[in-house]
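The values are calculated or read from the model by the stated rules, or taken from the named source; none is laboratory data. A quick note: this is a predicted structure, and the numbers were derived from the prediction, not measured. Every residue, glycine among them, receives a Cβ derived from its backbone with ideal geometry; neighbour counts consider all protein chains shown.
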Amino acid sequence: MNSELKKGFPAEDETPMMQQYHRIKKEHPDSILFYRMGDFYEMFNEDAKTASGILEIALTSRNKNRSNAVPMCGIPYHSANAYIARLIKAGKRVAICEQVEDPRLAKGLVRREVVRIVTS
């Protein structure tokens, strides 16, 4: 898994959520991954950098004050269609990764999977 991680972000520092994200992203390397986190779709690393520029939204980071800061951006899930349309118009593919179990009933990490891929 180390080769999949961005430089300076060792696997032992990676949270279970980020491990899940990287596993799913590996399955969809040519798409911007909309990763559902509660009421938001979040994007990380290169996806976040690309999407934030196209969508004109703030680029921030997880673990801001640590050496393993991860670029991220996010959008509210209820307004996703408008953002997806802008990414598609810019020539991007979008993989929609949903929480496929109720977070209140999950034992540990919420199960997520890509349920749709949007292309032009």
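Assess whether residue 57 counts as being of a type outside the set (Asp, Glu) and buried (at least 18 other Cβ atoms within 10 Å of the Cβ). Please lay out each step first, then the result.
On the way: of a type outside the set (Asp, Glu): yes; buried (at least 18 other Cβ atoms within 10 Å of the Cβ): no.
Criteria not met by residue 57.
So, of the residues in segment 67-120 that are assigned to a loop (DSSP other than H, G, I, E, B) and in contact with a Ser or Thr (Cβ under 6 Å, 6 or more places away or on another chain), which turns out to be nearest to residue 49 (Cα to Cα)? Walk me through how you get there before you give the answer.
Of the residues in segment 67-120, the ones assigned to a loop (DSSP other than H, G, I, E, B) are 67-69, 90-93, 100-111, 119-120.
Then drop every residue that is not in contact with a Ser or Thr (Cβ under 6 Å, 6 or more places away or on another chain), which leaves 69, 93.
Details: 69: 13, 93: 15 Å.
Selected residue: 69.
Within the bounds of segment 23-38, is there any residue that is at pLDDT below 95, under 18 Å from residue 110 (Cα atoms), surrounded by fewer than 16 Cβ atoms within 10 Å (Cβ to Cβ) and in contact with a strand residue (DSSP E or B) (Cβ under 9 Å, 6 or more places away or on another chain)?
As a first pass, look at segment 23-38 and keep what is at pLDDT below 95: 37-38.
Of the ones still in play, those that are also under 18 Å from residue 110 (Cα atoms) are 37-38.
Cutting the leftovers down to surrounded by fewer than 16 Cβ atoms within 10 Å (Cβ to Cβ) gives us 38.
In the following step, the residues that additionally are in contact with a strand residue (DSSP E or B) (Cβ under 9 Å, 6 or more places away or on another chain) were identified as 38.
Yes, that holds for at least one residue.
Could you tell me how many of the residues in segment 89-105 are touching a strand residue (DSSP E or B) at 6+ places or on another chain (Cβ under 6 Å) and either of a type outside the set (S, T, N, Q) or surrounded by 19 or more Cβ atoms within 10 Å (Cβ to Cβ) (or both)? Outline the logic, then answer.
Here is the first cut: in segment 89-105, the residues touching a strand residue (DSSP E or B) at 6+ places or on another chain (Cβ under 6 Å) are 92, 94-100.
Filter once more, keeping what is either of a type outside the set (S, T, N, Q) or surrounded by 19 or more Cβ atoms within 10 Å (Cβ to Cβ) (or both): 92, 94-98, 100.
Within segment 89-105, residues that are touching a strand residue (DSSP E or B) at 6+ places or on another chain (Cβ under 6 Å) and either of a type outside the set (S, T, N, Q) or surrounded by 19 or more Cβ atoms within 10 Å (Cβ to Cβ) (or both) number 7.
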Pair list, Cβ under 9 Å, 6 or more apart: segment 68-91 residue within 25 Å of residue 18 (Cβ to Cβ) and of a type in the set (Val, Ile, Thr), other residue at pLDDT below 95 and in a strand (DSSP E or B):
70/61; 70/62
Taking residue 108 as meeting all but one of (1) within 25 Å of residue 14 (Cβ to Cβ); (2) surrounded by 12 or more Cβ atoms within 10 Å (Cβ to Cβ), write down the number of the exception.
(2)
Just to be sure, is residue 53 over 12 Å from the mean Cα position of the chain (by Cα), modelled with pLDDT of 95 or more and either more than 16 Å from residue 87 (Cα to Cα) or not polar (S, T, N, Q) (or both)?
yes
